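Beneath this line is the structure, given in structure tokens, with notes to follow.
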């Protein structure tokens with residue numbers, strides 16, 4: 001390399017270094033801002049440094065080589081900058097998605113820990129009761145027929161409570177694992193409601209609560225869904241409503257449809273939910289600070305592990321539907337919306 005070439009290289013380097021340093025400082029200021037802008041700066045720094053070095057070494061003379069280099073620089077910039085913008089946006093979306101995924105994972109893990117704590121407590125209580133009563137019966141501490149019958153009824157209630165909790169845990173695990181195998185077919189919402197209300201009637205009657213269906217179309221809207229799963233959704237909503245409605249209160253179920261979807265509403269008399277808690281109603285193990293637990297009432301439905309509404313949400317979302325809650329009148333209104341079936345599709349019966 002000749003001395004002239006060496007001097008030109010050193011001069012070009014001396015002109016390029018300030019550009020690189022300015023770019024580095026600019027990137028440092030942008031690191032907490034737009035990732036897309038940072039990618040553009042990273043792309044432009046070497047191009048600007050190169051053109052600065054070429055211009056200075058040419059003595060600021062617009063030579064033929066400099067014009068050719070400028071054209072190449074412009075073409076490269078027009079190609080590289082949009083590519084950097086697209087890459088930056090892609091990386092930004094991926095970064096946001098990963099951050100949201102980590103937040104969801106932390107939230108789910110926290111919910112699982114809370115659920116384990118709730119369930120551990122709730123399992124110990126009925127198990128301790130069953131053990132104590134069975135030992136009393138075995139040791140003949142209780143021998144009067146009336147007392148034996150009362151103990152048998154209580155053991156049965158606690159066994160049903162345990163069974164319901166195990167069923168809920170199994171269903172929740174299927175939802176979280178994405179293992180729901182829904183067989184979507186046209187189903188009449190009215191039939192789903194009648195099936196769910198019929199199954200809840202003994203519990204509601206024992207709790208002194210009336211469950212009634214608001215008159216409407218006997219067939220009701222036809223939706224695409226799994227009959228058994230939709231019955232479970234409505235039954236969970238009814239169970240929650242009956243549990244939190246005082247004696248002599250009523251729970252009203254209504255169905256209908258608009259141009260977008262079919263809807264089902266369950267109105268109860270729970271007295272309302274505090275506004276700050278409305279967004280948490282469908283969370284795992286949610287019970288609420290003002291919830292009315294009728295588990296101690298004779299014949300009332302035993303309180304579960306706080307999974308009923310979370311399961312309802314999971315099943316509704318698996319049907320590509322929506323579920324929500326709002327304070328309404330003397331209590332709350334739970335509403336689900338589900339996609340309508342094609343008009344020509346005949347409704348099929350709900351399997352048992």
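The values are calculated or read from the model by the stated rules, or taken from the named source; none is laboratory data. In this text, all values refer to a predicted model and were calculated from it rather than measured experimentally. Positions of Cβ are backbone-derived with ideal geometry, glycine not excepted, and every protein chain shown enters the neighbour counts.
Of the conditions (1) at pLDDT below 90; (2) crowded, with 22+ Cβ neighbours inside 10 Å; (3) not in a helix (DSSP H, G or I), residue 312 fails just one. Which one is it?
(3)
Which number in (1) surrounded by 16 or more Cβ atoms within 10 Å (Cβ to Cβ); (2) in a helix (DSSP H, G or I); (3) within 34 Å of the chain's Cα centre (by Cα) marks the one condition that residue 127 misses?
Of (1) surrounded by 16 or more Cβ atoms within 10 Å (Cβ to Cβ); (2) in a helix (DSSP H, G or I); (3) within 34 Å of the chain's Cα centre (by Cα), only one is false for residue 127: (1).
Kindly indicate whether residue 175 is over 30 Å from residue 250 (Cα atoms) and surrounded by 13 or more Cβ atoms within 10 Å (Cβ to Cβ).
yes
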